[in-house]
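Peer 1: I have a structure here, written as structure tokens, and I will follow up with some questions on it.
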């Protein structure tokens, strides 16, 4: 490959969630490591609105404005490729480009929540020269009228262990509760209450990260009468990951999972994953099921009891081995060897 142009690839980053921001930062770093000139353009967060339809419209307009401004500054030397991070970022694009996504609106915007997004998304998915789903599950959720064919390359979000694992794991369980209804925090708390009632002398504690007590109350989550639960609120990433290195279990019961970075991080840091199955491209689900199927099922209480009373020997090293395709080295290799030849063709 010849010398990189000033801007080979422009990434239009929606950045509406921590997961999206992390995915964009990783892709930018992998492209730069391969010697590619990258311009990352970030949409300005719009004002909060009441419905998902209006929220998507506001973010799509913000992404279009950011991309248009950047293209204007590059007049005369446009990027060789544009990557729109999420289908929402691509809905109102000023110029066609590649679409990278965790899940299409066809999967996570059912019914009235996606009335205008879904038909426009189908058009954009057909127009895109290349599709970069985060997982095979996301690829499988593409609408039939927007087939991927040979235009798709699965490009996961990388996860790495956050540090040396603790020899002594002194925290029983951790869960992540940003967007508590979608994450199924009510189901987690119910299972924890039942498990504690069966093991009153154990004294285990569940740490809830990602949302404050006030935020949970506004979301309708009832904390009264649940023993052994501590609400931590939003934590800096390093502090949160340090908890995972000390925890025996990461527990969750999502009503839908578009990827599940929190679960992959927990596996990388040596936690056993206790989870219910969930619709959506839940990347950690087949990994957890293959390692210890006792911990995956609708009976979350039984999964918690099995993990805490009879943990599977060698769970953590098996999980880390299963995460090999999700490691940073694998992502860098995938970008350099398979993405770049197609992206810059």
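Peer 1: All but one of (1) within 19 Å of residue 254 (Cα to Cα); (2) buried (at least 17 other Cβ atoms within 10 Å of the Cβ); (3) under 19 Å from the mean Cα position of the chain (by Cα) hold for residue 304; state the number of the condition that does not hold.
Peer 2: (3)
Peer 1: For the structure I just gave you, tell me whether residue 246 is over 19 Å from residue 300 (Cβ atoms), at pLDDT 95 or above and within 17 Å of the chain's Cα centre (by Cα).
Peer 2: Judged against the criteria, residue 246 is not a match.
Peer 1: Any idea how many residues of segment 22-32 are touching a helix residue (DSSP H, G or I) at 6+ places or on another chain (Cβ under 9 Å) and surrounded by fewer than 18 Cβ atoms within 10 Å (Cβ to Cβ)?
Peer 2: Just the residues of segment 22-32 that are touching a helix residue (DSSP H, G or I) at 6+ places or on another chain (Cβ under 9 Å), to begin with: 22-23, 26-27, 29-31.
If we keep only those that are surrounded by fewer than 18 Cβ atoms within 10 Å (Cβ to Cβ) too, we end up with 22, 29.
Residues meeting the conditions: 2.
Peer 1: Let me ask another. Name the one entry in 334, 285, 323, 264 that is at pLDDT 95 or above, crowded, with 16+ Cβ neighbours inside 10 Å and farther than 30 Å from residue 32 by Cβ. Give the derivation first.
Peer 2: Details: 334 fails: farther than 30 Å from residue 32 by Cβ; 323 fails: farther than 30 Å from residue 32 by Cβ; 264 fails: farther than 30 Å from residue 32 by Cβ.
Exactly one of 334, 285, 323, 264 is at pLDDT 95 or above, crowded, with 16+ Cβ neighbours inside 10 Å and farther than 30 Å from residue 32 by Cβ, namely 285.
Peer 1: Just wondering, is there one or more residues in segment 140-157 that are under 27 Å from residue 55 (Cα atoms), in a helix (DSSP H, G or I), out of contact with any helix residue (DSSP H, G or I) (no Cβ under 8 Å at 6 or more places or on another chain) and in contact (Cβ under 8 Å) with a residue 24 or more places away in the chain?
Peer 2: yes
Peer 1: Can you find a residue that is outside any helix (DSSP H, G or I), over 29 Å from residue 86 (Cα atoms), within 22 Å of the chain's Cα centre (by Cα) and not assigned by TED's automatic domain parsing to the domain that holds residue 27 anywhere in segment 202-210?
Peer 2: Going through segment 202-210, the residues outside any helix (DSSP H, G or I) turn out to be 202-210.
From what's left, over 29 Å from residue 86 (Cα atoms): 202-207.
Still in the running and within 22 Å of the chain's Cα centre (by Cα): 207.
Right, trim to not assigned by TED's automatic domain parsing to the domain that holds residue 27 and you get 207.
There is at least one residue in segment 202-210 that is outside any helix (DSSP H, G or I), over 29 Å from residue 86 (Cα atoms), within 22 Å of the chain's Cα centre (by Cα) and not assigned by TED's automatic domain parsing to the domain that holds residue 27.
Peer 1: Of the residues 35, 15, which single one is surrounded by fewer than 22 Cβ atoms within 10 Å (Cβ to Cβ) and either over 19 Å from residue 107 (Cβ atoms) or assigned by TED's automatic domain parsing to the domain that holds residue 335 (or both)?
Peer 2: Numbers: 15 fails: surrounded by fewer than 22 Cβ atoms within 10 Å (Cβ to Cβ).
Answer to the check: 35.
Peer 1: So, one more: Mind checking whether some residue in segment 261-272 is in contact (Cβ under 8 Å) with a residue 40 or more places away in the chain, within 20 Å of residue 301 (Cα to Cα), outside the structural domain of residue 143 (by TED's automatic domain parsing) and out of contact with any helix residue (DSSP H, G or I) (no Cβ under 7 Å at 6 or more places or on another chain)? Reasoning before the result, please.
Peer 2: Start the filter on segment 261-272 by keeping residues that are in contact (Cβ under 8 Å) with a residue 40 or more places away in the chain, which leaves 261-262, 264-272.
Next, from what is left, pick out any that are within 20 Å of residue 301 (Cα to Cα): 266-267, 271-272.
After this cut, where a residue has to be outside the structural domain of residue 143 (by TED's automatic domain parsing) as well, the list is 266-267, 271-272.
Applying the additional criterion that residues be out of contact with any helix residue (DSSP H, G or I) (no Cβ under 7 Å at 6 or more places or on another chain) yields none.
Taking every residue of segment 261-272 in turn, none turns out to be in contact (Cβ under 8 Å) with a residue 40 or more places away in the chain, within 20 Å of residue 301 (Cα to Cα), outside the structural domain of residue 143 (by TED's automatic domain parsing) and out of contact with any helix residue (DSSP H, G or I) (no Cβ under 7 Å at 6 or more places or on another chain).
Peer 1: Which ones in segment 223-249 are in a strand (DSSP E or B) and surrounded by fewer than 16 Cβ atoms within 10 Å (Cβ to Cβ)? Walk me through it before giving the result.
Peer 2: Of the residues in segment 223-249, the ones in a strand (DSSP E or B) are 229-233, 247-249.
Within segment 223-249, 230, 233 meet the criteria.
Peer 1: Another one. With crowded, with 16+ Cβ neighbours inside 10 Å, under 20 Å from the mean Cα position of the chain (by Cα) and within 23 Å of residue 234 (Cβ to Cβ) as the only criterion, which of 185, 216 stands out?
Peer 2: Numbers: 216 fails: under 20 Å from the mean Cα position of the chain (by Cα).
After ruling out the rest, the residue left standing is 185.
Peer 1: Only residues that are touching a strand residue (DSSP E or B) at 6+ places or on another chain (Cβ under 9 Å) and in contact (Cβ under 8 Å) with a residue 40 or more places away in the chain: list them for segment 32-70, please.
Peer 2: Listed by number, the residues that qualify are 36, 39, 43, 63, 66, 67, 70.
Peer 1: Restricting attention to segment 120-139, which residues are part of a helix (DSSP H, G or I) and surrounded by fewer than 18 Cβ atoms within 10 Å (Cβ to Cβ)? Lay out the reasoning, then the answer.
Peer 2: Of the residues in segment 120-139, the ones part of a helix (DSSP H, G or I) are 120-127, 136-139.
Once the filter is applied, which keeps residues that are part of a helix (DSSP H, G or I) and surrounded by fewer than 18 Cβ atoms within 10 Å (Cβ to Cβ), segment 120-139 yields 120, 123, 126, 127, 136.
Peer 1: Quick check: anything in segment 163-177 part of a helix (DSSP H, G or I) and either more than 20 Å from residue 17 (Cα to Cα) or at pLDDT 95 or above (or both)? It would help to see each step written out before you state the result.
Peer 2: Step one: of segment 163-177, the residues part of a helix (DSSP H, G or I) are none.
No.
Peer 1: Among the residues that make up segment 163-172, is at least one of them without any contact (Cβ under 8 Å) to a residue 60 or more places away in the chain and surrounded by 15 or more Cβ atoms within 10 Å (Cβ to Cβ)?
Peer 2: No - not one qualifying residue is present in segment 163-172.
Peer 1: Now for a different question. Only one of 104, 110 is surrounded by 23 or more Cβ atoms within 10 Å (Cβ to Cβ), within 23 Å of residue 260 (Cβ to Cβ) and at pLDDT below 95. Can you tell me which?
Peer 2: Numbers: 110 fails: surrounded by 23 or more Cβ atoms within 10 Å (Cβ to Cβ).
So the residue among 104, 110 that is surrounded by 23 or more Cβ atoms within 10 Å (Cβ to Cβ), within 23 Å of residue 260 (Cβ to Cβ) and at pLDDT below 95 is 104.
The values are calculated or read from the model by the stated rules, or taken from the named source; none is laboratory data. Since the structure is predicted, the reported quantities are computational estimates derived from the model, not experimental observations. All Cβ positions, even for glycine, are placed from backbone atoms using ideal geometry, and neighbour counts span all protein chains on display.
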